[in-house]
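S.K.: Dumping the structure here so I can ask a few things about it.
The values are calculated or read from the model by the stated rules, or taken from the named source; none is laboratory data. Since the structure is predicted, the reported quantities are computational estimates derived from the model, not experimental observations. Every residue, glycine among them, receives a Cβ derived from its backbone with ideal geometry; neighbour counts consider all protein chains shown.
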């Protein structure tokens, strides 16, 4: 039987919540209402949940909100230029804006395997805070663990994975992932290095949390799909009359998909100097997903080290992210490949797990 690879990239305000027996990973895109206010009183830029798929061709409901998606992804282009660039990135595939979306895949049959056990340890058997090789970088434990970071929050709300989240829930969209290999694709880069990220209050004041390590800003799932088509289904969990589906056919044996939950951004110019990575203030939103959310001013968010010690492990970021390993026609066309200059050169924006 023929088969192809479905590769799904995840980035932005996204949480990974496994079910009790590890057979399903619930991928939660956090909602950011337009009136959301951060600890310092400023408004959080609204994050735009979208699904993009690059394929040879698509059947079904293949593209919605095209103009809005295009202008979001290519903000510095005219409307016509932006739509042309979006269509080039998707080739024959499609894209959806997501709202109240419950996403499932039809086609894959292999079980889910989360990549763990690759992370190195020191001479005392303690897990290293930074990977030393590309293979170690793939370990899923580089996804920041919110329960380890803030154990007083008592973990994620059970309502996040109910068939119908309660009204006012902070879930913008979800994917039930039941197949494939799930692993870290890219780590936060600070001054061209992979380094431990430190967590402090949004103001930067107060002590640092004991939890400190390199953290992931992209995760990928690689799924073998039998046949020559994969179907992505969207059943709206707020309005059961709303359903849509895309049937996607591979390009040279691959369908690429990106599930994103990013704020508005403009990709830096190629000759612009690299900016100093700013604190990831949008990390405050993740605490709305837990059972006991702390006060806004006490919500620990990722920062650069204030005074890194000489012994703190630092590894050249590019050596952990070989060009071939991060090859993606879709991300390249969107200007989002981690090896380029994208939104993650501007702020420390990890994703999280339970």
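S.K.: For residues that are at pLDDT below 95 and either part of a strand (DSSP E or B) or buried (at least 19 other Cβ atoms within 10 Å of the Cβ) (or both), tally how many sit in the stretch 147-158.
M.R.: The qualifying residues number 2.
S.K.: I'd like to verify a number: residues in the stretch 52-66 that are closer than 29 Å to residue 238 by Cα and more than 23 Å from the chain's Cα centre (by Cα), how many?
M.R.: 4
S.K.: Have a look at 149, 103, 162, 128 and point out the one that is in contact (Cβ under 8 Å) with a residue 24 or more places away in the chain, under 30 Å from residue 247 (Cβ atoms) and out of contact with any helix residue (DSSP H, G or I) (no Cβ under 6 Å at 6 or more places or on another chain). Steps first, answer last, please.
M.R.: Numbers: 149 fails: under 30 Å from residue 247 (Cβ atoms); 162 fails: in contact (Cβ under 8 Å) with a residue 24 or more places away in the chain; 128 fails: under 30 Å from residue 247 (Cβ atoms).
Going through 149, 103, 162, 128 in turn, the sole match is 103.
A quick yes/no check of all residues on (1) over 19 Å from the mean Cα position of the chain (by Cα); (2) at pLDDT below 95:
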site: 178; (1), (2): no, no
site: 183; (1), (2): no, no
site: 208; (1), (2): yes, yes
site: 224; (1), (2): yes, no
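S.K.: Another question about this same structure. Evaluate the stretch 26-33: report whether one residue or more is surrounded by 15 or more Cβ atoms within 10 Å (Cβ to Cβ) and at positive phi.
M.R.: Scanning the stretch 26-33 turns up no residue that is surrounded by 15 or more Cβ atoms within 10 Å (Cβ to Cβ) and at positive phi.
S.K.: Mind counting the residues in the stretch 71-117 that are within 26 Å of residue 5 (Cα to Cα) and either touching a strand residue (DSSP E or B) at 6+ places or on another chain (Cβ under 6 Å) or surrounded by 15 or more Cβ atoms within 10 Å (Cβ to Cβ) (or both)?
M.R.: The total comes to 27.
S.K.: Within the stretch 73-103, restricting attention to residues that are under 17 Å from the mean Cα position of the chain (by Cα) and in a strand (DSSP E or B), which residue is farthest from residue 160 (Cα to Cα)?
M.R.: Quick first cut of the stretch 73-103, residues under 17 Å from the mean Cα position of the chain (by Cα) only: 73, 95-99, 101-103.
Now narrow it down to the ones that are in a strand (DSSP E or B): 95-97, 101-103.
Numbers: 95: 24, 96: 22, 97: 20, 101: 13, 102: 12, 103: 14 Å.
Filtering first and then ranking leaves 95.
S.K.: Sticking with this one: When you look at residue 10, is it within 21 Å of residue 233 (Cβ to Cβ), modelled with pLDDT of 95 or more and within 17 Å of the chain's Cα centre (by Cα), yes or no?
M.R.: Yes, satisfied.
S.K.: Next question. Could you check the stretch 10-23 and list, in sequence order, the residues that are surrounded by 18 or more Cβ atoms within 10 Å (Cβ to Cβ) and either outside any strand (DSSP E or B) or out of contact with any strand residue (DSSP E or B) (no Cβ under 9 Å at 6 or more places or on another chain) (or both)?
M.R.: Matches in the stretch 10-23: 13 only.
S.K.: Looking at residue 7, is it over 26 Å from residue 142 (Cα atoms), touching a strand residue (DSSP E or B) at 6+ places or on another chain (Cβ under 9 Å) and assigned to a strand (DSSP E or B)?
M.R.: Spelling it out, it is not the case that residue 7 is over 26 Å from residue 142 (Cα atoms), touching a strand residue (DSSP E or B) at 6+ places or on another chain (Cβ under 9 Å) and assigned to a strand (DSSP E or B).
S.K.: Write out, first by first residue and then by second, each pair whose Cβ atoms fall under 8 Å of each other, whose residues are 6+ apart or on separate chains, and whose first residue, in the stretch 218-245, is on the phi > 0 side of the Ramachandran plot while the second is assigned to a strand (DSSP E or B) and surrounded by 14 or more Cβ atoms within 10 Å (Cβ to Cβ).
M.R.: Every condition considered, the pairs that remain are 227/3.
S.K.: Restricting attention to the stretch 134-145, which residues are in contact with a helix residue (DSSP H, G or I) (Cβ under 6 Å, 6 or more places away or on another chain) and buried (at least 21 other Cβ atoms within 10 Å of the Cβ)?
M.R.: Residue satisfying the conditions is 137 alone.
S.K.: In addition: Looking at the stretch 165-176, which of the residues that are at pLDDT 90 or above and touching a helix residue (DSSP H, G or I) at 6+ places or on another chain (Cβ under 8 Å) is surrounded by the fewest Cβ atoms within 10 Å (Cβ to Cβ)?
M.R.: Filtering the stretch 165-176 for residues that are at pLDDT 90 or above and touching a helix residue (DSSP H, G or I) at 6+ places or on another chain (Cβ under 8 Å), the one surrounded by the fewest Cβ atoms within 10 Å (Cβ to Cβ) comes out as 174.
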